[in-house]
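Okay, structure first, notes after.
The values are calculated or read from the model by the stated rules, or taken from the named source; none is laboratory data. Not measured: the values here are computed from a predicted model. So basically every Cβ, Gly included, is an ideal-geometry build from the backbone, and we count neighbours across all protein chains shown. Side chains included, ligands, DNA and RNA excluded: accessible areas come from the protein's heavy atoms. Shrake-Rupley method; radii C 1.70, N 1.55, O 1.52, S 1.80 Å.
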Amino acid sequence: MSSASTLAPASVRRAAYAAFIVSLIHIVFGAIVRITGSGMGCGDNWPKCYGHWIPPFERIDLIIEVTHRYLALALLLSIAALVITAWQHRSHVAIAGRGGVGNAARLSVLLWIAPALFGAVTVFAGNPPWATVVHKLLATSLLAVLAVAAVRAGGLGGDSIRSATGTAKAIGGTTAAAGLALVVVLLGGLTAKLPGAAVACVGFPLCGEGSLGGGGQHVQLTHRILAYLLVLHLISLPMIFRKRGEPKAVITAAWFALALGVLQIVWAGWMVTGGFPAVVRSLHQATGMFIWATTFVMAYLARIAAGRSVIASKGVIAPGTTSRAS
């Protein structure tokens, strides 16, 4: 069976890409809602905003909050388009089965419902810090599932990884990077939301003299240390992967993650020394989410490549490839 015959139809790949991109925009905008303090911009009303689907755009916090809700609707529509498109091609080998796009698409529906409902809980509970962290965890999980759908559809390096093999060692390194990135992102959300934590450290790269101390400082310092460890880990991956001969898609993702990690440190330094401007804080939050998405995709690609190596070692031709004799 040729690789082309098992590649998901272009319409499915486009739908998966669209859902992934909208999900990324939605979660980044969620950080802007937190940074600007607009989480209660619509009061305790949900899903409407002060009783209106389209409220009077009279306050900036209301505009930011209701825009975030509109993006959630756009995300639902893009996920629905992915599910419908996948169902239309449900007999295709890249859509059906345990490792097909269809399962990931259906799971994404459930993961849209969960943070949407929890968003209501967040509003009714008064937008406490713990609710923000849980909401962000659900949103990052949805982003990960949509990334899986995109890879299975042939996007985000999924096409090239189908004809590549990698080592099992890459799974450990990439999974550690993705896991650490997720923890750093969640701690970043807690730091941004916990009263006083965002400005608890006045120095950089550590807190420095004159910092506020207390629990907020400990949360932010923990967030920073884990972020530094993540960047140090990302520095080691591209060279190691290149030396081992890992697939090009995995190496490219490793370089991209490293570049984002370095950029994140720049944003962090600028944010602290520049007086915590909202724009830089937003860029910091957005870059953190890009790092999580990139490291997750890298880990997923590495896992696929390692699995193909196991298949090849047993003398079995993996689906979507042809033998050298052919």
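Observations on the structure shown:
- Karplus-derived 3J(HN,Hα), 6.51/-1.76/1.60, for each residue of the range 255-261, Hz, glycine and proline x: 5, 5, 5, 5, 4, 5, x
- The range 254-276 and the range 289-308: distance between their alpha carbon centers, rounded to Å: 22
- Nearest 10 degrees, 0 to 90: helix 101-124 Cα axis against the chain principal axis: 10
- Charge dipole (Cα centre; +1 on Lys/Arg Cβ, -1 on Asp/Glu Cβ; no other charges) of the chain amounts to roughly 1240 debye.
- Rolling a 1.4 angstrom probe over the chain with all protein chains present gives an accessible area of which 70% lies on carbon and sulfur atoms.
- Across K193, K48, K243, the residue with the most accessible area heads the list, and the full order at a 1.4 Å probe is K243, K48, K193.
- Degrees separating the helix 60-88 axis from the principal Cα axis of the chain, which is the longest one: 20
- Protein heavy-atom accessible surface, 1.4 Å probe, per residue over the chain: 46 Å².
- Correct option for Cα extents along the principal axes in Å [calculated from the coordinates] among (1) 61, 53, 41; (2) 68, 48, 24; (3) 66, 45, 39: (2)
- Descending by average beta-carbon neighbour count within 10 Å, the peptides 294-304, 159-169, 76-86 line up as 294-304, 76-86, 159-169, the highest first.
- Most mobile of L221, L71, L206 in a GNM of the chain (Cα contacts under 10 Å): L206
- Cα centroid separation, the range 101-141 to the range 1-78: 12 Å.
- Probe 1.4 Å, all protein chains present, accessible-area order of E246, E58, E209, largest first: E209, E58, E246
- Ordering A96, F276, G39 by the projection of their Cα atoms onto the charge dipole of the chain, which places +1 on the Cβ of Lys and Arg and -1 on the Cβ of Asp and Glu, puts A96 at the extreme positive end.
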